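One structure below.
Each value in this text was obtained by applying a stated rule to the coordinates, not by laboratory testing. Everything quoted here is computed from the prediction, not taken from an experiment. Positions of Cβ are backbone-derived with ideal geometry, glycine not excepted, and every protein chain shown enters the neighbour counts.
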Amino acid sequence: MKKLFRFFVSKQFLLNIVAIIIVWVLIVVVESYYLKSSTNFGEKVEVPTFYKIHMDDLEEFVSGKNITYTIQDSVYLDGWPKGTVCWQYPKPTDSSGMYVKSGREILLSVVPVNPQMVKMPKVVDMSQRMAENTLNAMGIRTKISYEPDPEGVGFVKKQMFNGVNIPEGTSIPKGTRVDLIVAKGNDGSTSALPNLVGLTIYQARERLSGTTLSIHTECDGCVTEEEIATAVITRQDPAGGEGVNVAAGATVTIWASK
């Protein structure tokens, strides 16, 4: 026991302990320096808002902000200034609270100056669901409205763009919204209206796809079609639920948030 005690208080043992502590401190200091120099550990850079900045002005816009950018694709949006940014990731710090490290690459989508053109197919006489799927697959958006028709319900009566009939084969910008007029059956008919609150807009569209009802969407903070489709519904008018029926062809207004 005495030998063991003398070993622990010996000069050699104490020197070994001091050496271990010095090595451990050096490792911590070197590791901390490496993290800060190679990964910008602990550094926070604010993400600015790129929305509606023209692509020609992006270099000047990011100058001095310690970030870079890449334009990954283009998205046609009605009424959005051509050649400007319409989507970014990460989102701006002022709306998301998100910060990045110095040199972070921000992904951007812009509205093309000369959008890609696609040829309008014939969707008249198709079912509403088939017509929407056909056009959406081509990058054409749709707006549905209804008219009475004694011959049936749920089929496309007219395809229109800017208030006039759009013939098959007409070239239109990809991303354009086309109006589809769908038959709602005879006057006086009704449709069941479910409760849509808590669903995403995509789920609500699916829920109503087999009915004569159309949806008007108000989406807070939504920019891209993906954000619109996945936003969650917080309110609807008229209110829906079990046993609720509204006039066939009625428009349901929904409010949603990302």
>> Taking θ = phi - 60°, what integer Hz values does the Karplus form 6.51 cos²θ - 1.76 cosθ + 1.60 yield along segment 238-248, in sequence order, with x for Gly and Pro?
In response: x, 5, x, x, 4, x, 8, 10, 10, 4, 4
> Relative to the Cα centre, what is the charge dipole magnitude of the chain, using +1 at the beta carbon of each Lys and Arg, -1 at the beta carbon of each Asp and Glu, and rounding to the nearest 20 debye?
Replying inline: 1620
> How high is the relative contact order of the chain, given as a whole-number percent (alpha carbon pairs under 8 Å, six or more residues apart)?
Replying inline: 15
> Once amide H atoms are placed 1.01 Å from N in the peptide plane, what residues at a sequence separation of 5 or more from D149, or on another chain, have their amide H within under 5 Å of its amide H?
Replying inline: K184, G185, N186
>> Over segment 45-110, what portion of Cα pair distances is larger than 18 Å, expressed as a whole percent?
In response: 31
>> I'd like to verify something in the chain: which complete DSSP H helices, judged by Cα projection on the helix axis, reach 18 Å or more and average at least -0.5 on the Kyte-Doolittle scale?
In response: 11-39
> Based on DSSP H runs of at least 4 residues, each adding -39500 (n - 2.57), what is the mean residue ellipticity at 222 nm of the chain after dividing by all its residues, to the nearest 500 deg cm²/dmol?
Replying inline: -8000 deg cm²/dmol
>> Using Cβ counts within 10 Å as a stand-in for footprinting exposure, how do F155, F50 rank, fewest first?
In response: F155, F50
>> Please give the Cα centre distance for segment 65-123 versus segment 208-239, rounded to the nearest Å.
In response: 22
> Taking 0.36 nm per intervening residue step and subtracting the Cα-Cα distance, what contour gain separates L15 from E31 on full extension?
Replying inline: 3.3 nm
> Put +1 on the Cβ of every Lys and Arg and -1 on every Asp and Glu Cβ in the chain; which of P92, G243, V153 then has its Cα farthest towards the positive end of the dipole?
Replying inline: P92
> Which percent of the Cα-Cα distances in the chain go past 23 Å?
Replying inline: 67
> How big is D for segment 189-258, in µm² s⁻¹ as a whole number, if Stokes-Einstein is applied with the Kirkwood radius of its Cα pairs at 4 °C and 1.567 mPa s?
Replying inline: 108
> With charges set only on the Cβ (+1 for Lys and Arg, -1 for Asp and Glu), what does the dipole of segment 99-209 come to about its Cα centre, in debye to the nearest 20?
Replying inline: 520
> What shape does segment 124-222 have by the C-alpha gyration tensor, where a ≥ b ≥ c are the square roots of the eigenvalues, rounded means a/c under 1.5, and otherwise prolate means a/b greater than b/c and oblate the rest?
Replying inline: oblate
